[in-house]
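Down below is the structure, laid out as structure tokens.
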Amino acid sequence: MIIILAQAVLIAALEWFLQSWLWVALVPLAFGLAAQASPARAAGRGAAAGGGCWLGAALFFYLTSGGIIAGRMAAMSGLGRSRDWLMVLLSGLLGALVAALAAYAGVSIRAAVRRQMTGEKK
Amino acid sequence: MRWLKAVFVVFALAAAIWALHTPHGAIPPLGKLLDPFGGFWRNNAAADNIPRKLLIPGLRGRVTVVWDDRHVPHIFAANERDLFLAQGFLTARDRLWQMDFLSRYTGGRLAEVIGARVLEMDLLQRRLGMTWGAENFLNEIAGDPDMRDFIAAYCRGVNAYIESLKPADYPLEYKILDYAPSRWTPFDVALLLKYMAWYLSGEGRDLDLTRTRAALGEAATDALFPFPAPFQEPVVPAGTKWDFVPPAAPAGRDRSVKPGTDLDGGQGFPAGSVAGLVGSNNWAVAGRKTKNGFPILCGDPHLQLTLPSIWYEVQLSAPGVNVRGVSLPGSPGVVIGFNERTAWSMTNAGSDVLDFYMMKFRDAAHRQYAWGGGWRQTSVRHEVIEVRGGKTVTEDVLYSHLGPVPFPERRPGIPDWVPVGAAMRWVGHESSGILHALYTLNRALDLDDYKAAMARFDCPAQNVAFASSDGHIAIRHNGKFPLRARGQGRYLLDGSSSADEWAGWVPMEQVPCLEDPERGFVSSANQSPTDDAYPFYLGWDYGTFERGARINEILSAAASVTPEDMIGMQGDAMSLRARTILPSLLGILSPAGLKAEEQARVRELSRWDFVYRAESTEPTVFNRFWIELVLAIWSDDLEKGGKLFLAPAADKTMELILREPDSPYLDDLATAAHENLSDIVRLAFGRAIGHLAEDNGAFGPRWRWGLANPVTIGHLGRIPGLGAPPLAVSGGRNIINAASGTHGPSWRMVVEMGPVVRAWGILPGGASGNPGSRFYDDGIRDWAAGKTYELLFLQSAGEGHARIAGRTEIGGGR
């Protein structure tokens, strides 16, 4: 849980200050590289962190001042303006998918490197 | 195996990131866009909050902005330079993408940010010489230090705003299209002014009319496209005496292109010509006809309606100026508005300021062209267009001394109205004093100041109505008009003969004008400026008579006029076309031979009061009936060799029906029988009812005017979801409230010029260009209902008012 929270906070902070959406991939990728976890577990943590972070932020904007823009984007997407809430889910879903894939990639790289290093020792 | 898996997953991640980071055709970069920290979520209504303090680098003094309840900025500065700097900053804050898009569109730089799919659009703008025209404008400004400094200050304000932005703050459209704003320059300002000039005075029907003449002969063409057109009530009333001595106009001895010239291309019988174009209205009523004894000025310029709104409302106040109205986003000053002493509004003049000359090139290399018995050299302008995701394109645009030759040779994609091998001479390409004219108008204190401003008001030519608090009203059909023989430039001109070259300009002090007329009002609605007694030829293709005549009818009968009366008049939905023509048509439509359904519609039309109410079905029936009638009368006659040419205007069609019932044009050439007016009318009515049933189902609520013909206000960049839903509006083409299809009143304004100026106005949109803002489209519902808001016009930054939403203090910094 702490790892998920740490990732989410780090994603939010880096995106806010460094102005790039790519942190939702880079942070879980780094955690995947660093942490000892199964690929599925790492991907789950990444999804929870990235998805939670984006869902939470989108929900915050939606509830405070983003209802109008969400409606317009829903209309642009063909969902219909009244389904503005779907944009919150879409943001959360995309954040989760990207973060999960990145975390999975991180763990996979880590596993491949460790295997090679272990093999070399043998 | 693990390496293989790792490589595969990393590859999948990279592919996903690339796919989400990059636009794909019309699909925006979804990763960036859905990111709540930097994507569309940041374009929310929080931007509507009023900052208490702002910093604009470059300000010399303090500026106070008072925001009213509709988010309109009222800017108070200590000097004019700061005023324009702040105007640039605040306009960009609300409308940056709109400014950028229109400048890119006009200057042919859209492909740079959108890609090859808009390259043809860019190429056309370059070939039409828009960048050349903008450069000529800047050359004029270079000799006008005050204007140069004010434009520079405005640009500095815009750039200060751009520099303050992080990517997350970019307007939504930048995020959807995935590009960043670039620096705003005087060249961009010039391009915007050229955009408006082209929109209001470009294109033309020279090619179509010439092809019509080639098919029908000159006498028939002149009869079908008469000038002045029938029923007209000119801006300057018929019979007005002109007390000046005009300079001699040229003989125009060779004012037409030679027979046999290649006239292929052209748009043929355009659907739009059946419905007619929308236009603008303005009028001013003298104090002796108003209840309070003060002049009242009214204006509603009709343009294509978009979101963000075309205009940006603003009040600009500094020592020597306190002006309120609407500005063109991206350009300094106020275009239509009022100050404490004067008010003005514009309608498009419609006079002909663009001629095409068919050139005779010496050979296929196009290096020389015949002129005045010899050969002249062409020049080439290298137009470089950056293409996003593609190779840079360099287009060599050919120029003669008359202007650009957009298409020396036939090629795919030539616009319908551009003749191949023709040079274009357009006033809009010349240097221009339009910005200086607006600057002077913003500060005008009386009639003399208005006239001084008009002396530099060149292109686009406008009917500028005026009223002042000292009791004057006036109107001028004002612009830079070529000195030509009567009818010269109506058809394509011979580009090898110097006899057709423009011989100079109509003196600015001799343009059609009317001051303090006995009838107690001035008005215009895009109709002919004068009768035939006016000594200069200005053009022939003006608006039809209906709106102008209706305005004159109401104002002639009016007494004790109030601003509220004028607001109501701007929403007038009476169709003079229906009132003029329908009784005669109904007289022809006797019940015998009509189906029961058709008889029912005839009965309803016979009881109709000719008012285009949104909830009525009669306007829908009459409108379709008229379209079918025009098609039935003209399409067969104008069809030659499989091609259709220009359709006569509605007023000519009405004249034919009312005054020439035996005209051979009424016979349908496609049939062996000889049809008369009665046959054609019955045929058209049957078709109209049939088509309406196909389009709207059986007669019922869906036939209501507002539902069957809604007004649509789309997004400027045609991005789905960012426009407004269809609107049911009372009014239509050729009606004072000329809201129809995608066009309509882009700003309504009524100003009472008393000791304390009172004004009302509304935009079909709002102040903000942010689709996530409450002020993006907050005026649309009331606009559709014909309502207006009283305009806050403050005398000082400290003045209190219940409708003030907040204040921002702006300081300079570095």
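Each reported figure results from applying straightforward, stated rules to the coordinates on display, with no laboratory input. Predicted, not measured: the structure shown is a model, and the values here were computed from it. For neighbour counting, all protein chains shown are included, and Cβ atoms are generated from backbone atoms with ideal geometry for every residue, glycine included.
Observations
- Taken over the stretch B:330-478, the alpha-carbon convex hull comes to 156 cubic angstrom per residue.
- Calculated FRET efficiency for the pair B:Ala533/B:Ala557, C-beta based, R₀ 30 Å, to 0.05: 0.70
- Here B:Arg659 and B:Glu203 are evaluated by their C-beta separation; at R0 = 35 Å the FRET efficiency comes out at 0.70.
- In nm, spacing of pseudo-spin labels at B:Lys241 and B:Asn79 (7 Å Cα→C-beta vector): 5.2
- Applying Stokes-Einstein at 10 °C and 1.306 mPa s to the Kirkwood radius of the stretch A:1-99, computed over alpha-carbon pairs, gives a translational diffusion coefficient of 115 µm² s⁻¹.
- Inter-label distance, nm, simple model (7 Å from Cα along the C-beta direction), B:Arg702/B:Glu790: 4.5
- Cβ-placed point charges (K, R +1; D, E -1), dipole of chain B about Cα centre in debye, nearest 20: 2180
- Three-way shape call for the stretch B:174-251 based on the alpha-carbon gyration tensor, with the a/c threshold at 1.5: prolate
- Efficiency of FRET from Cβ geometry, B:His801 and B:Glu395, R₀ 56 Å, rounded to 0.05: 0.55
- Applying the criteria of a DSSP loop state and at most 13 other Cβ atoms within 10 Å to the GluC sites (Glu not before Pro) of the stretch B:713-814 yields B:Glu799.
- Stokes-Einstein D for the protein assembly as shown, Kirkwood Rh over Cα pairs, 25 °C, 0.890 mPa s (µm²/s): 81
- Modelled spin labels at B:Arg718 and B:Ala46, positioned 7 Å past Cα toward Cβ, are 3.5 nm from each other.
- Low-density loop cleavage sites - trypsin sites (Lys or Arg not before Pro) in the stretch B:303-404, where at most 12 other Cβ are within 10 Å (DSSP): B:Lys391
- Anchor B:Lys241: aspartates and glutamates whose Cα lies under 12 Å away (excluding residues fewer than 8 positions away in-chain): B:Asp531, B:Asp532
- For the stretch B:105-188, the set of trypsin sites (Lys or Arg not before Pro) satisfying both a DSSP loop assignment and a count of at most 15 other C-beta atoms within 10 Å is given as B:Arg183.
- Sequence-separation-based contact order of chain B, relative, with Cα cut under 8 Å and 6+ spacing, percent: 21
- The ranking of B:Ser309, B:Ser468, B:Ser164 by Cβ neighbour count inside 10 Å, starting from the fewest, reads B:Ser164, B:Ser468, B:Ser309.
- The charge dipole of the protein assembly as shown, taken about its Cα centre with unit charges on the Cβ of Lys, Arg, Asp and Glu (plus for the first two, minus for the last two), comes to roughly 4140 debye.
- Cα shape, the stretch B:701-776, gyration tensor, a/c 1.5 rule: oblate
- Averaging the sequence gap over all C-alpha pairs within less than 8 Å and six or more residues apart, then dividing by the number of residues, gives the stretch B:512-669 a relative contact order of 17 percent.
- Of B:Lys194/B:Lys652; B:Lys289/B:Lys451; B:Lys291/B:Lys480, those spanning more than 26 Å from alpha-carbon to alpha-carbon: B:Lys194/B:Lys652; B:Lys291/B:Lys480
- Inter-centroid distance (Cα atoms) of the stretch B:1-66 relative to the stretch B:571-588, Å: 55
- Stretch in chain B that is longest and holds no chymotrypsin sites (Phe, Trp or Tyr not before Pro) that DSSP places in a loop and that have at most 15 other beta carbons within 10 Å: B:245-814
- Prolate/oblate/rounded label for chain B (Cα gyration tensor, a/c 1.5): rounded
- Sequence of A:Met76, B:Met753 once ranked by neighbouring C-beta atoms within 10 Å, starting from the fewest: A:Met76, B:Met753
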